[in-house]
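Here the structure comes first, spelled out in structure tokens, and everything after it is commentary.
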Amino acid sequence: MTRMHGDDISRESLAAPRGFASMGRRTLLAGAAGLAAGGGLILPGRALGQQSAEITVDRARAEPIPIAIPNLVGVGGGDTAQLGRDMAGVISNNLARSGLFRAIDRAAFVAQGAGDVPNFANWKVIGAQALVTGKVESQGGDRVRVEFRLWDILPQTQIQGTAYTATTSNWRRSAHIISDVIYERLLGEKGYFDTRVVYIAGSGPRDRRVKRLAIMDQDGENNRFLTDGSALALSPRFHPTRDQIAYMSYVNNRPRVYTFDLGSGRQQMLGNFEGITLSPRYAPDGNNIIMAQTRGAGSEIVLIPVGGGAPRRLTDAGGGAIDVSPCFSPDGQQIVFESDRGGDQQLYVMSASGGAAKRISFGQGRYATPVWSPRGDLIAFTRITGGIFAIGVMRPDGSGERILSESFYVEGPTFAPNGRVIMFWRETAARDARGNGFTSRLVSIDITGFNERQMTTPTDASDPAWSPLPA
Amino acid sequence: MNIKILGTVAAVALLAACSNQAATSTGPVSSGPVPGSQEDLVANVGDRVFFDLNKNALRSDARITLERQAAWLQKWSANNVQVAGNCDERGTQAYNIALGQRRANAARDFLVAKGVAATRITTISYGKDRPTALGSNEQAWAQNRNAITSVR
């Protein structure tokens, strides 16, 4: 049994039921490739598990994998049946929202087998290529054991079998963990469901806008407001360990970057800067924060230890240029940022120790808010061209620019930890002088530009930042 | 923001006191703002200057307003002020905060050049988070590209 995800949830492997050989990924891949022509589990796009900087649109356009997710069976009464239904719902919603799976309508289900081995013919007939089965068993007190199996219908094999022991209150998290396992086993890359999003919740008229730090699960559930709104809050970012946030606050009418400890709720001004500090991001090692500070007519990039201390200046505002929105490459070797040193906002890349910077954006318009993909292969950005705002991606050398979404106003892309999905925010124009019609919403989109979805949030929302997966 | 609201409340209270007095005295009395107050600055001097798109250069109309602000500040030498730079909604957030600071600095530097002690002026930028016009059109955006001087 393996302890994981803090001490909340533990995990053990489940052998396939008697008569079934559990298949490792290698076997599955070979099997799937061989069966693809005959209509086996179609693995869209390229070969699985291949780590490539190349993004192909093939995978996005491939048919989503039809997957059947019946309710997990409740064992031992209590609320286990309800938990089983709720967990299947969360898993189904996660996979469907990715755009890479199609959860088969439950009304089509022929039979939900009572035993551990599914009746494959009954799932095959409704077009399922994969099947999730499982049960939720009370362990006494508030603990449950959740058993889950993933099946490949055509070759009739168990792909994965795992049992989790968790507290009842962790049921939702357990469902996200299971979703990540399914995603990874069927697509060959890590999922992103056991993650959270910090963002800024906006309310009230725009001239007296209240902006609060807020956090939610990646699917919009478990929303929580972290600050009371008495000071403007902006641009939150996750620490690599997910237990701290860096953000900008106007506390005491003094706009500065703060760190916010998620466990204790304690916050602390970062450093003691003369100018405004803004647009923070953590270094990949979690020990330092990179951000901008205003000085004179410009602003410069500085690096400072997470606990405060002596800052190191990486660019120089002496020339009056505005350098903001720095972001490390995932290997920590380079920094991308935006600067108007050449006349208007463009993207530049420099070494993590500062020095000469190389411009990488050369398309039409102004470029802002660069963020490096956790995979290292892409930089996402906001582009402003002729009054139209767009979210796009380019390679770190500036080549291969693609626009994913454009409208009256979009800004601030953030990558899911697998580099596969981007979240940003979209604002609509006010339609009258009182500001009616203005809205601000979080939107997610696949990096190939398909599957754009608006998030549901309790209030207007902006400034999303996606957490990493748990270590 | 609380301080600012309190300031406004106090000034309104003063105004109310003023007009009450006026009501009990005889003859025509001007009910204008208290000289040297924020309202005086707004009504008789001009509390804000405007900028062109993505610019922090002081236009000629801005210089005229700031000349008057400098003279007013020299007259009311006990007044300290905050100069807040603002931007329209057609720019990205972080850049706008830095741009707003540029605008606040440009106005501050002008006032200092005209003889106002630098220690009497603080600056801040709200980026695009404190617009005064709430529409999404050129007219509203032009109003929101500003530096606003307020008595602290």
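Order A:414, A:385, most accessible first, counting only protein heavy atoms with a 1.4 angstrom probe.
On the way: A:414 10, A:385 35 Å².
Putting A:414, A:385 in descending order of accessible area: A:385, A:414.
Quote to one decimal, in nm, the extra length available between residue A:230 and residue A:356 on full extension: 0.36 nm per residue of separation minus the C-alpha distance between them.
That pair, residue A:230 and residue A:356, stretches by 41.3 nm at full extension.
Using DSSP, restrict attention to beta bridges with both residues in the stretch B:38-151 and report what percent are antiparallel, rounded to the nearest 5. Provide the component values of the computation, followed by the final result.
Working: 8 of 14 bridges.
Bridges in the stretch B:38-151 that DSSP calls antiparallel: roughly 55 percent.
What nm value, rounded to one decimal, do you get for the distance between residue A:252 and residue B:113 when each label is placed 7 Å out toward the C-beta?
A separation of 3.3 nm, rounded to one decimal place.
Under 18 Å from a point placed 7 Å out from the Cα of residue A:79 along the Cα-to-Cβ direction: which residues of the stretch A:189-230 have their backbone N that close?
Only A:221-223 fall inside the zone, counting backbone N under 18 Å.
Do any GluC sites (Glu not before Pro) in the stretch A:144-240 lie in a loop, going by DSSP, with at most 14 other beta-carbon atoms within 10 Å of their beta carbon, and if so which?
Details: sites: A:147, A:184, A:189, A:221; in loops: A:189, A:221.
The qualifying sites are A:221.
Work out from phi, with θ = phi - 60° and the Karplus expression 6.51 cos²θ - 1.76 cosθ + 1.60, the ³J(HN,Hα) of each residue of the stretch A:255-270, listed in order in whole Hz, and give x for Gly and Pro.
With the stated coefficients, the stretch A:255-270 comes to x, 8, 7, 10, 9, 10, 7, 5, x, 9, x, 6, 10, 8, 5, 8 Hz.
Between residue B:67 and residue A:399, what's the calculated FRET efficiency when r is the beta-carbon distance and R0 is 45 Å? Round to 0.05. All intermediate terms of the calculation are to be shown ahead of the outcome.
Working: r = 51 Å, r/R0 = 1.14.
FRET efficiency, residue B:67 to residue A:399: 0.30.
Once you have the Cα-Cα distance between residue A:310 and residue A:203, take 0.36 nm times their residue separation minus that, and quote the gain in nm to one decimal.
Residue separation times 0.36 nm, minus the Cα-Cα distance, leaves 34.9 nm.
Excluding residues on the same chain fewer than 8 positions from residue A:124, give the lysines whose Cα lies under 23 Å from its Cα.
Residue A:124 reaches A:135.
Compute the separation of the alpha-carbon centres of the stretch A:90-108 and the stretch A:439-471 and state it in Å as a whole number.
19 Å
For chain A, what relative contact order do you get, as a whole percent, if you take Cα pairs closer than 8 Å and at least 6 residues apart? Let's see the in-between values first.
Details: 1176 pairs, mean separation 48.2, N = 471.
10 percent.
Length gain on complete extension for the stretch residue A:8 to residue A:428, per 0.36 nm per residue less the alpha carbon to alpha carbon distance?
Details: separation 420, 0.36 × 420 = 151.20 nm, distance 4.11 nm.
Extra length from residue A:8 to residue A:428 when fully extended: 147.1 nm.
Considering the Cα trace of the stretch B:38-151, what is its radius of gyration and what is Dmax, both in angstroms?
13.3, 39
Mind checking which aspartates and glutamates have their C-alpha under 17 Å from residue B:128, skipping anything on the same chain fewer than 8 residues away?
A:207, A:411, A:427, A:460, A:463, B:52, B:88, B:89, B:138
Taking Cα centroids, how far is the stretch A:360-405 from the stretch A:229-264 in Å?
Their Cα centres are 26 Å away from one another.
Counting only the heavy atoms of the protein chains, how much of residue A:124 is accessible to a 1.4 Å probe, in Å² to the nearest 10?
Only protein atoms counted, so the area is about 120 Å².
In terms of Cα to Cα distance under 28 Å, which lysines are near enough to residue A:358, apart from those fewer than 8 places away along the same chain?
Within the straight-line limit of under 28 Å, residue A:358 reaches these lysines: B:55.
How much of the DSSP bridge set in the protein assembly as shown is antiparallel, in percent, rounded to the nearest 5? Numbers along the way, then the final one.
Details: 122 of 138 bridges.
Bridges in the protein assembly as shown that DSSP calls antiparallel: roughly 90 percent.
Please report the Cα spread of the stretch A:378-471 along all three principal axes, rounded to whole Å, starting with the longest.
Result, largest extent first: 44, 35, 19 Å.
Express in Å², to the nearest 10, the accessible area of residue A:406 obtained by rolling a 1.4 Å probe over the protein heavy atoms while all chains stay in place.
The value for residue A:406 is about 110 Å².
Tell me the accessible surface of residue A:14 in square angstrom (1.4 angstrom probe, heavy atoms of protein chains only), to the nearest ten.
Ignoring ligands and nucleic acids, residue A:14 comes out at about 30 Å².
With every atom except the alpha carbons ignored, what do you get for Rg and Dmax of the protein assembly as shown, in angstroms?
Reported Rg and Dmax, both Å: 28.7, 107.
So what is the relative contact order for the stretch B:38-151, in percent, with contacts set as C-alpha pairs under 8 Å and at least six apart? Can you show the working numbers first?
On the way: 216 pairs, mean separation 42.6, N = 114.
For the stretch B:38-151, the relative contact order is 37 percent.
Please report the net charge: other residues with Cβ closer than 11 Å to the Cβ of residue B:135, K and R +1, D and E -1.
-1
Which order do A:212, A:149 take by accessible area at a 1.4 Å probe, largest first?
Of A:212, A:149, the descending order of accessible area is A:212, A:149.
Count the net charge of all other residues whose Cβ sits under 14 Å from the Cβ of residue A:176, scoring Lys and Arg as +1 and Asp and Glu as -1.
Values: positive: A:11, A:97, A:172, A:173, A:190, A:196, A:242; negative: A:8, A:86, A:180, A:184, A:194, A:217, A:219, A:221.
Every neighbour counted, the sum reads -1.
Leaving ligands, DNA and RNA out of it, rank A:434, A:256 by accessible area with a 1.4 Å probe, largest first. Don't skip to the end; give the middle numbers.
Details: A:434 180, A:256 15 Å².
Greatest to least solvent exposure: A:434, A:256.
The values are calculated or read from the model by the stated rules, or taken from the named source; none is laboratory data. Keep in mind it's a predicted model, so treat the numbers as computed, not measured. When we count neighbours, we look across all protein chains shown, and the Cβ atoms used for this are built from the backbone with ideal geometry, even at glycine. To get the accessible areas, we keep the full protein, side chains included, count just its heavy atoms, and leave off ligands, DNA and RNA. Shrake-Rupley method; radii C 1.70, N 1.55, O 1.52, S 1.80 Å.
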